[in-house]
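The values are calculated or read from the model by the stated rules, or taken from the named source; none is laboratory data. The model shown is predicted, which means the values in this text are computed figures rather than measured ones. Cβ: placed from backbone, ideal geometry, glycine included. Neighbour counts: every protein chain shown. Remember, those area values only see protein heavy atoms, side chains included, never the ligands or the DNA or RNA. Shrake-Rupley method; radii C 1.70, N 1.55, O 1.52, S 1.80 Å.
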Amino acid sequence: MTIDERIKYFNPFTEIEKHTTVLPHWEQPDATYFVTFRLADSLPRRQLDDWKRERDAWIEVHPRPWADEIEREYHERFSATIERWLDVGHGSCALRNTTFAHSVGDALNHFEGSRCVQHAWVVMPNHVHALFTLLNCIICTICCTLGRAIRPVASTQSPESKVRSGNGTTLIA
C-alpha cells in the first residue's frame with residue numbers, strides 16, 4: 001500500500017468533531033493530520049505580535065467564510081510567513097541537541113500503531129513537523145504527549161499546532 005492509499009484527507013462534507021482545549025481542534029475519524037509544533041522562543045515576540053496585529057486587521061476586512069482565492073491569499077500572506085520565520089532558526093534551537101531531538105522522536109513513536117499511523121515526521125532545530133493518521137484517538141492525546149517531550153526544552157507554554165488538509169486548508173490554527 002502506498003502512502004497516498006493510507007492517507008485520508010479532511011472531508012468538509014462528513015461529520016466533524018469540534019472541541020477546544022488550549023487550541024481549537026477539528027477531528028474526523030481516520031483523518032490524516034499535518035501538525036507543526038514550535039518551541040516557545042522560535043519566533044521573536046515583537047515580530048509575532050506585529051504578525052498577529054496584521055492578521056487580525058486583515059481578517060476584520062475579510063470576514064469568514066472565505067472564497068478559495070481569499071483563503072489562498074490568507075495562507076500565502078500569513079501561514080507561509082510563519083513557516084519562513086521558523087526556518088530562519090530563531091531562538092535557542094534546542095532541538096539541535098540530539099538528546100532533546102531523540103526525546104521528541106520517542107514521543108512521536110509512542111503511539112505508533114496503537115493510536116496513530118505515522119507517515120512522516122521531522123525534528124527541526126526549533127520546530128517539529130508530523131504527518132499522521134489517528135486510530136481511535138483524539139489529536140489532543142498526541143499533542144499533549146509531544147508537548148510534554150518539548151516542554152523541558154521550551155517553556156511551560158503549550159506548543160502551537162496547525163493541521164492542514166491535503167489542499168492546504170488550515171484546520172487548527
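Only one of these is within 25 Å of THR133 (Cα to Cα), open to solvent by 20 Å² or more (accessible area, probe 1.4 Å) and among the acidic types (Asp, Glu): GLU27, GLU69, GLU73, GLU112. Name it.
GLU112
Search region 5-31 for residues being among the aliphatic types (A, V, I, L, M) and over 14 Å from VAL117 (Cα atoms), and hand back the single one that is modelled with the highest pLDDT.
So the residue we want is ILE16.
Which condition number in (1) surrounded by 14 or more Cβ atoms within 10 Å (Cβ to Cβ); (2) more than 23 Å from GLY89 (Cα to Cα); (3) modelled with pLDDT of 80 or more is the one that ALA40 fails?
(2)
Please go through (1) surrounded by fewer than 20 Cβ atoms within 10 Å (Cβ to Cβ); (2) over 15 Å from SER42 (Cα atoms); (3) modelled with pLDDT under 65 for HIS119 and return the number of the only condition it doesn't satisfy.
Result: HIS119 fails condition (3) only.
What residue, of SER103, SER42, SER79, is outside any helix (DSSP H, G or I), touching a residue at least 12 places away in the same chain (Cβ under 8 Å) and closer than 21 Å to TRP121 by Cα?
None of the others qualify; the one that does is SER42.
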